[in-house]
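J.: This structure is in structure tokens; I'll ask about it shortly.
Nothing in this text is a laboratory measurement; each read-out follows from the coordinates by a stated rule. Values in this document were obtained by computation on a predicted structure and should not be read as measured data. We place every Cβ from the backbone using ideal geometry, glycine too, and count neighbours over all the protein chains shown.
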Amino acid sequence: MTDDQSRDLYDRALSALVGGVNSPVRAGIRPYPFFVRRGDGAHVIDADGNRYIDFVGGYGPLLYGHDLPEPVIGSIQSRLADGVMYGAPTEVEVELAEFISRHVPSVDQVRFVNSGTEATTAAVRLARAHTGRDDVVVMAGGYHGAQPTTLVEGHGDEVTPSSPGIPKAFADHSIPMRFNDVEGFKALFEARGDEIAAVITEPVLGNHGIVMPEPGFHETLRDLTEDHGTLLIWDEVITGFRVGGLQGAQGHFNIEPDLTTYGKVIGGGFPVGAIAGPARILRGFTPTGEVFNAGTFSGHPVTMTAGLESLRYAAERDVYDHIDRLGTRMREGLYDIIEESAPTYSVAGVASLFKVLFTRAGPTADRDRCGDGCRQDPDCAKYEYCPSDGGDVDDGETDRWERLFWPAMKDEGIFLTPNQFEAQFISYAHTEDDIDTALEAYRTAI
Ligand SMILES: Cc1ncc(COP(=O)(O)O)c(C=O)c1O
């Protein structure tokens, strides 16, 4: 496996692009990232012609892998033939919004934007305006994009922005809490629930390990927020139209948030975001309300077409059955491997998401309970040891994961997200053979 072309490209990129990349996680691959020449089904081929089974999937949007279904490509092409965009509304925006609200009970209306970051930023602004309050609860280790309210670290009175360039005043209004900390949330709401505009959380922490909710966690948040007039924002940028099929994670967990943010899958691989929810809240946005939100590219016709046709295709085929079944095959296979060679490690994930977490402590797991990934079951032998929040994932062997394990997987022809934190994604293009080949690679690398 040579990588001369990638090295030369990286050399050029270091001069032309900040840090050689346009999103920092891509530079996490050492000594330098491989550059992709093209995708092919569930595979990517790099600039030197090396082929990898791809479990990065563009960090989530690629429900179909790298070959869009024919009807999706056909619709995109005919859309392009009619012009790229207009700065005036098109029918396809309405159709995609109708599709989402038809399938997701908590949604009547949608505002499309261009990224998950835009979606969560606008959702927080809307929640603050709707409630007339400033404070927002975020999950420690939760990621909601490059936005000031959620880029915070610390806890209690010591919350600071986690990036330079964000005024401390933003962090003064953010309250980081531990995912799954039911008692902590009860105490927080008792003390100051009436000051809190919103709680923003992913249904499943997908950017910081994969951490599943403990039974009752989301129900508690739903009750507390409802009781205190706080909006519950579910960030379904990863889970939307991936976990729980067409209803997303809110169907899977049977929770109706007040606001939902989307991105990734709903754009069919093109840049997208959305804020969705009941009309009584959504109409706070301009032009019906006063919460400013606008975008030259928002509701872009090509993106809307790709998203709509991708979701329609999924509604008519066995797409979710396929990817979820492969997810289970993967997690169960991984569980067998860690049981044999690294019993302190954990397997996490749900539906088409999976991850092996290099946790440090714990007994050999109880196979019957978490063979298909950790479910935060208090009766499980590993319950005390598997990650239940972002901090637990930080405490794992993150260097071993990144510096030794990731390169070993690459040598085996498997492309994983480059650190212990980001989920792995299975697409409709993956086959059982791809999963079995990847499992063999895991067996070798672990
Ligand atoms: C849960 C979640 N929210 C928001 C974002 C930000 O989305 P984007 O990268 O499209 O701005 C991400 C990105 O990975 C995400 O995973």
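J.: Among the aspartates and glutamates, select those whose C-alpha is under 18 Å from the C-alpha of residue 168, and discard any that sit fewer than 8 residues away in the same chain.
T.: Straight-line reach from residue 168, under 18 Å: 134, 135, 153, 157, 158.
J.: Toward the positive end of the charge dipole of the chain, about the Cα centre and with charges on Cβ (Lys, Arg +1; Asp, Glu -1), which of 142, 84, 349 goes farthest?
T.: Ranked along the dipole, the leading option is 84.
J.: Related question: Using the Karplus curve 6.51 cos²θ - 1.76 cosθ + 1.60 with θ = phi - 60°, work out ³J(HN,Hα) for each residue of the range 325-333 in order, rounded to whole Hz, and write x for Gly and Pro.
T.: The phi angles translate into 5, 5, x, 5, 4, 5, 4, 5, x Hz.
J.: Okay, next question. Evaluate the Kirkwood expression for the hydrodynamic radius of the chain, namely the inverse of the mean inverse distance over all pairs of different C-alpha atoms, and round to one decimal in Å. Please list the in-between numbers first.
T.: Values: mean 1/r = 0.0446 Å⁻¹.
Evaluated over the chain, this radius sits at 22.4 Å.
J.: Quick one: what are the phi-derived ³J(HN,Hα) couplings along the range 183-191, Karplus 6.51/-1.76/1.60 with θ = phi - 60°, whole Hz, x for glycine and proline?
T.: Karplus-based 3J(HN,Hα) across the range 183-191 equals 5, x, 5, 4, 5, 4, 5, 5, 6 Hz.
J.: With +1 on each Lys and Arg Cβ and -1 on each Asp and Glu Cβ, how big is the dipole of the chain about its Cα centre, in debye rounded to the nearest 20?
T.: So the dipole magnitude of the chain works out to roughly 980 debye.
J.: May I ask for the distance between the Cα centers of the range 215-290 and the range 374-446, given as a whole number of Å?
T.: 27
J.: Convex hull over the Cα atoms of the range 70-316, averaged projected area in nm²? Mind dumping the intermediate values first?
T.: On the way: hull surface 52.8 nm².
Over all viewing directions, the range 70-316 projects a mean Cα-hull area of 13.2 nm².
J.: About its Cα centre, how strong a charge dipole does the range 1-70 have in debye, to the nearest 20, once Lys and Arg get +1 and Asp and Glu get -1 at the Cβ?
T.: 240
J.: Residue separation times 0.36 nm, minus the C-alpha to C-alpha distance between residue 437 and residue 37: what's the value?
T.: Working: separation 400, 0.36 × 400 = 144.00 nm, distance 2.24 nm.
Answer, rounded to one decimal: 141.8 nm.
J.: Here is a further query. Could you tell me how far the Cα centroid of the range 133-205 sits from the Cα centroid of the range 98-112, in Å?
T.: Between the Cα centres of the range 98-112 and the range 133-205 lies a distance of 27 Å.
J.: From the Cα gyration tensor of the range 112-246, with a ≥ b ≥ c the square roots of its eigenvalues, which class applies: rounded if a/c is under 1.5, or else prolate if a/b is larger than b/c, or else oblate?
T.: Values: a/c = 1.31, a/b = 1.05, b/c = 1.24.
Here the range 112-246 falls in the rounded category.
J.: Note down the magnitude of the dipole of the range 70-316 about its Cα centre, charges +1 on Lys and Arg C-beta and -1 on Asp and Glu C-beta and zero elsewhere, to the nearest 20 debye. Working shown, then result.
T.: Values: 16 positive and 32 negative charges, 105 e Å.
Charge dipole of the range 70-316: 500 debye, to the nearest 20.
J.: First check a/c for the range 59-117, with a ≥ b ≥ c the square roots of the eigenvalues of its C-alpha gyration tensor; if it is under 1.5, answer rounded, and if not, answer prolate when a/b is larger than b/c or oblate otherwise.
T.: Values: a/c = 1.67, a/b = 1.18, b/c = 1.42.
Taking the square roots of the gyration eigenvalues as a ≥ b ≥ c, the range 59-117 is oblate.
J.: Still on this structure: Going by how many other beta carbons lie within 10 Å of each one, how would you line up 380, 374, 386, fewest first? Each step should come with its number before you reach the end.
T.: Values: 380 17, 374 29, 386 25.
Ascending number of Cβ neighbours within 10 Å: 380, 386, 374.
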